[in-house]
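Contents: one structure, followed by commentary.
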Amino acid sequence: MRPTLITQKKKQKISDDLIKDCLSILYNTCICTEGVTRRLAERNDFVLFLFTLMTNKKTFLQTATLIEDILGVKKEMIQLDDIPNLASLVSSFDQQQLANFCRILAVTISELDTGSDDKHTLLAKNAQQKKNLGPSRAEINQATLLNIPGFIERLCKLATRKVSETTGTSSFLQELEEWYTWLDNALVLDALMRVANEEAEQSSTESSDESGLANTSTRTQLPQSMKIMHEIMYKLEVLYVLCVLLMGRQRNQVHKMIAEFKLIPGLNNLFDKLIWRKHSASALVLHGHNQNCDCSPDITLKIQFLRLLQSFSDHHENKYLLLNSQELNELSAISHKANIPEVDAVVNTDRSLVCDGKRGLLTRLLQVMKKEPAESSFRFWQARAVESFLRGTTSYADQIFLLKRGLLEHILYCIVDSECKSRDVLQSYFDLLGELMKFNIDAFKRFNKYINTDEKFQIFLNQINSSLVDSNMLVRCITLSLDRFENQSDAKVAEVLSECRLLSYMSQMSMRMSFLFRLINIIHVQTLTQENVSCLNTSLVILMLARRKEKLPFYLRTLQQMEYTEKYPGFILNNFHSLLRFWQQHYLNKDKDSTCLENSSCISFTYWKETVSILLSPDRTSPCAIVSYIDEAYMDIDRDFSEE
């Protein structure tokens, strides 16, 4: 890319047009000839050189597009630290360029295979962690970005600016022009142009002027839907980068900055007009796709927004910024009325940073959630976002706040009345229901009022039993709640205990044993993943509560009898023994965060560890050791785990 025809002492300045032509040739060669992109990607010096071309506005878009293609195939992630003068490069970008730059950043800060994180076995992940002792490239790149002065603040501004605040029509048209001449295959722009033409035709038929005049006016007055689409595509990139940073190692630092720069109130103000806007007649759709397909920018923005809310409120006290002042006062009132202390995080929330307007973001989300069609792909993400607000230490006030807004009835309607079939959606609803009802007697009372016939209750049980991997968190919540209610001497609690179908069902020993048997049977050390390891923890919760009541030997003996009934002596208990040994390896690792287990169960982690040790005791005379219940002939507990 540097002219070498004439040997000269000083470097010649290449004209912008020549650079553009070079980029154009390279880009088209990459598209047309296999292997070119990969070979370019292997040249680190070249990739870093491309970044220096981004300082020139005239060649910015071409350079950005080529870099994006090259990084997409690069085997090793680049280190942002290596880019010459990164901070001054970023500060030279206008907001439009920064949004485009976020597309490139996305590749440099995301772990390479996080997409299927839930599907990777824990054995494989643990083995990988032992190999990688230091932070990954992606984590180093995240730290680099956070150290760029003003970077997060500018992202928050971009994410929350209104469409009316975007740059004037002329520079916008110029950029479209650039894109359009440069990327013949840009589907999105084809679609944008279609939208523009539709609106141009509309205005020319409505106008009594010569059609030529109408077209020129459309040329200068950019159609609103094009502006909106453009803004949506920018926000998509920005929200993605913020979301990744919120889930990274510097989470607390990012949280603090995002709160300070009022990202949440800003998104709240955009909710109706942009994020959850009604589809216009000519909503942008890519060729060969329909309006509800997951690839349209409108839909991707909604999902990205819900993922951001989920990572924002997950186990973090800043989650109360999703409410407005009146709603925070309502939480305080709920606590006072119930005569329980207010949650510290509510008291400490800085009121100048919360949502404004009639409703906070959480309440707006509940509203659209209730209106969502049964087969909508958003249901999963909506449920996840609301559930993450409830996660952590159970807060009675948070639960009542959501119960008063009819959330429980909505979830039950979806599970029972619409007999939801999607596994993902069902799992997210069961998890949300578990967090909403845990230890909350009012929620169980409401449940019983809604599930008021044996037929409805049977449908509900069928949904739970159809996949325990999906419903086990709810089973855990019911088991824990039942245990707490049985130890209370309150008349209201006693009444609900006697009337509630769900609690009566779970109070039967045979039902608890049936759940325990199946939970242990559906998982094996070799197949444990982030998604199904909860089955192991749920089975442990059932046994810890049994141990508290000194019933552990009875449970183990019953498991042994169930094995014999199934004609497979030892198959459950050997498997459980292996699972618990893996549990020790996994959770007693110094990096593992055990507070999640404590918070969600209200059982101290020490008690978890002790229970596992007792169950794994090698003493065959101990009534609480698993080995005491496996006949010598069927013993198979000494195998080592290896990543197979």
>> Given the criterion among the polar types (S, T, N, Q) and without any contact (Cβ under 8 Å) to a residue 12 or more places away in the chain, identify the matching residue among 462, 440.
In response: 462
> In the range 487-508, how many are part of a helix (DSSP H, G or I) and without any contact (Cβ under 8 Å) to a residue 12 or more places away in the chain?
Replying inline: 5
> Residues 119, 125, 131: which one is touching a Ser or Thr at 6+ places or on another chain (Cβ under 8 Å), modelled with pLDDT under 90 and closer than 30 Å to residue 588 by Cα?
Replying inline: 119
> Looking at (1) at pLDDT 95 or above; (2) within 22 Å of the chain's Cα centre (by Cα); (3) under 30 Å from residue 604 (Cα atoms), which is the only condition residue 392 fails?
Replying inline: (1)
> Restricting attention to the range 41-84, and to residues there that are of a type in the set (S, T, N, Q) and within 28 Å of the chain's Cα centre (by Cα), which single residue is least open to solvent (accessible area, probe 1.4 Å)?
Replying inline: 65
> If you take the residues in the range 601-634 that are part of a loop (DSSP other than H, G, I, E, B) and in contact with a His (Cβ under 9 Å, 6 or more places away or on another chain), which one is most open to solvent (accessible area, probe 1.4 Å)?
Replying inline: 616
> Restricting attention to the range 353-379, which residues are open to solvent by 70 Å² or more (accessible area, probe 1.4 Å) and either under 17 Å from residue 265 (Cβ atoms) or assigned to a helix (DSSP H, G or I) (or both)?
Replying inline: 356, 358, 359, 367, 370, 371
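Could you please let me know if residue 25 is over 21 Å from residue 140 (Cβ atoms) and at pLDDT below 90?
no
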> How do the pairs read when you match residues in the range 362-386 that are of a type in the set (Gly, Ala, Ser) with residues anywhere that are assigned to a helix (DSSP H, G or I) and crowded, with 18+ Cβ neighbours inside 10 Å, using Cβ under 6 Å and keeping only pairs 6 or more apart or on different chains?
Replying inline: 383/428; 383/429; 383/432; 385/306; 385/309; 385/310
>> What's the number of the only condition in (1) over 21 Å from residue 472 (Cα atoms); (2) at pLDDT below 95 that residue 622 fails to meet?
In response: (2)
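On the given criteria, is residue 421 without any contact (Cβ under 8 Å) to a residue 12 or more places away in the chain, of a type in the set (Lys, Arg) and part of a loop (DSSP other than H, G, I, E, B)?
yes
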> In the range 432-447, what count of residues is obtained for those that are assigned to a helix (DSSP H, G or I) and open to solvent by less than 30 Å² (accessible area, probe 1.4 Å)?
Replying inline: 10
>> Looking at 523, 542, can you tell me which residue is of a type outside the set (S, T, N, Q), outside any helix (DSSP H, G or I) and open to solvent by less than 20 Å² (accessible area, probe 1.4 Å)?
In response: 523
>> Condition first: surrounded by 13 or more Cβ atoms within 10 Å (Cβ to Cβ), within 17 Å of residue 249 (Cβ to Cβ) and in contact (Cβ under 8 Å) with a residue 60 or more places away in the chain. Now tell me which residues in the range 126-146 satisfy that.
In response: 135, 137, 138, 139, 140, 141, 142, 143, 144, 145, 146
> Looking at the range 276-317, which of the residues that are modelled with pLDDT under 90 and among the hydroxyl-bearing types (Ser, Thr, Tyr) is surrounded by the most Cβ atoms within 10 Å (Cβ to Cβ)?
Replying inline: 296
>> So in the range 514-570, with the set limited to residues that are acidic (Asp, Glu) and modelled with pLDDT under 95, which one is nearest to the chain's Cα centre (by Cα)?
In response: 531
> Which is part of a helix (DSSP H, G or I), free of Cβ contacts under 8 Å to residues at least 40 places away in the same chain and closer than 23 Å to residue 627 by Cβ, of 564, 568?
Replying inline: 564
> Can you pull out the residues in the range 245-259 that are assigned to a helix (DSSP H, G or I) and open to solvent by 20 Å² or more (accessible area, probe 1.4 Å)?
Replying inline: 251, 252, 253, 256, 257
> Regarding residue 38, is this residue in contact with a helix residue (DSSP H, G or I) (Cβ under 6 Å, 6 or more places away or on another chain), open to solvent by 100 Å² or more (accessible area, probe 1.4 Å), modelled with pLDDT of 90 or more and not polar (S, T, N, Q)?
Replying inline: yes
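The values are calculated or read from the model by the stated rules, or taken from the named source; none is laboratory data. Source: prediction; values computed, not measured. We place every Cβ from the backbone using ideal geometry, glycine too, and count neighbours over all the protein chains shown. Just so you know, the surface numbers come from the protein's heavy atoms only, side chains and all, with ligands and any DNA or RNA stripped out. Shrake-Rupley method; radii C 1.70, N 1.55, O 1.52, S 1.80 Å.
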